[in-house]
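Taking it in order: structure first as structure tokens, then the write-up.
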């Protein structure tokens with residue numbers, strides 16, 4: 001029997017995480033991963049395969065519209081509580097709703113991969129974000145409504161607003177060093193280190209936040225050899241702390257202000273050539289501050305007001 005093309009399922013959709021709708025730039029993927037283990041036999045070889053765990057990974061690149069609610073979802077660990085539960089005391093649902101009218105709802109999802117930030121007038125702000133779905137709180141694998149639900153429902157997630165999708169011009173400051181322009185924008189990476197928590201009865205039941213590292217990089221235009229070299233920690237002795245006393249602030253009116261706290265410039269290559277820019281790609285890393293034995297923020301990402309024309 002020939003395939004009927006009208007039965008082929010396809011088309012876009014949107015994501016809602018908790019109460020926040022996220023429209024994607026180039027598609028949404030959801031991969032359900034079933035971990036297995038073989039039951040061995042020395043005389044017959046593997047006798048069976050048993051299930052040991054189930055998780056799902058949902059990935060998408062937000063289309064670029066910047067809202068306070070979206071920033072809170074994508075960058076939740078600006079003052080990280082190291083050693084804390086990522087699932088917390090209550091489940092947060094992640095729903096993928098197709099324009100065709102099917103709603104897939106993962107009942108317990110957490111952000112495990114923050115998107116890179118691309119700060120440039122010719123780029124939208126976000127890279128790929130990754131969420132991980134686990135068994136719902138108080139449920140056991142195989143129970144009804146323990147992992148996901150699927151339902152037919154008219155699409156009601158709206159459409160992205162084109163306002164605020166385009167990039168803006170960004171400039172950076174690091175102490176006395178000013179970086180007014182770059183060759184191709186800034187990239188900021190927020191790296192989340194997570195550790196799964198498993199039980200014998202459920203499998204992976206939670207993730208622990210093990211660490212957060214924030215790095216920024218750009219290829220500056222117009223910085224001299226002395227400016228690059230003096231910003232590097234060359235005068236530090238071996239084994240000394242590199243936690244800086246100055247923040248790196250990257251800001252663009254009408255876009256974002258991204259601050260790396262107590263930053264250190266860790267790379268600053270120089271090059272000489274007929275068509276080569278003197279400064280290569282410089283890199284920074286953020287550090288937390290401590291006051292009265294209380295750890296402060298590692299970084300921040302906030303909206304920047306647009307410049308007034310008056």
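The numbers here are math on the coordinates, done by the rules we state, and not lab data. All values derive from a computational prediction rather than experimental measurement. Using ideal geometry, Cβ is built from the backbone for each residue, glycine included, and neighbour counts are taken over all protein chains shown.
Here are the numbers for the structure shown:
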read-out: Rh (Kirkwood; distinct C-alpha pairs) - the chain, Å; value: 22.3 Å
read-out: FRET efficiency, residue 249 to residue 291 (Cβ-Cβ, R0 22 Å, nearest 0.05); value: 0.65
read-out: Computed E for residue 72/residue 43 - FRET, C-beta separation, R0 51 angstrom, nearest 0.05; value: 0.30
read-out: Residue exposure sequence - 238, 243 - by fewest surrounding Cβ within 10 Å; value: 238, 243
read-out: Peptide ranges 92-103, 199-210, 248-259 listed from the most packed, as the mean C-beta count within 10 angstrom indicates; value: 248-259, 92-103, 199-210
read-out: Where labels lie 7 Å past Cα in the beta-carbon direction, separation of residue 197 and residue 52 in nm; value: 2.1 nm
read-out: Fewest-first sequence of 163, 53 by Cβ atoms within 10 Å of each Cβ; value: 163, 53
read-out: Fluctuation leader among 123, 90, 231 - the chain, Gaussian network, Cα springs under 10 angstrom; value: 90
read-out: Prolate/oblate/rounded call for region 59-121, Cα gyration tensor, a/c under 1.5 rounded; value: oblate
read-out: Sorted by Cβ neighbour density within 10 Å, fewest at the top, the residues 157, 265; value: 157, 265
read-out: Dmax and Rg, reported as Rg then Dmax, of region 172-303 (C-alpha, Å); value: 18.1, 65
read-out: Span from the region 118-169 Cα centroid across to the region 273-292 one, whole angstrom; value: 32 Å
read-out: Rel. contact order, % - alpha carbon contacts under 8 angstrom, at least six apart, the chain; value: 16 percent
read-out: Helix-only mean residue ellipticity at 222 nm for the chain, each DSSP H run of n ≥ 4 adding -39500 (n - 2.57), per residue, nearest 500; value: -1000 deg cm²/dmol
read-out: Part-to-part distance (alpha-carbon centres) for region 173-250 and region 56-99, which is given in Å; value: 21 Å
read-out: Packing rank of 78-87, 124-133, 269-278, where each peptide gets the mean count of other beta carbons within 10 Å, highest leading; value: 124-133, 78-87, 269-278
read-out: Value in Å of the Kirkwood radius, where region 230-310 supplies the Cα pairs that are averaged; value: 15.2 Å
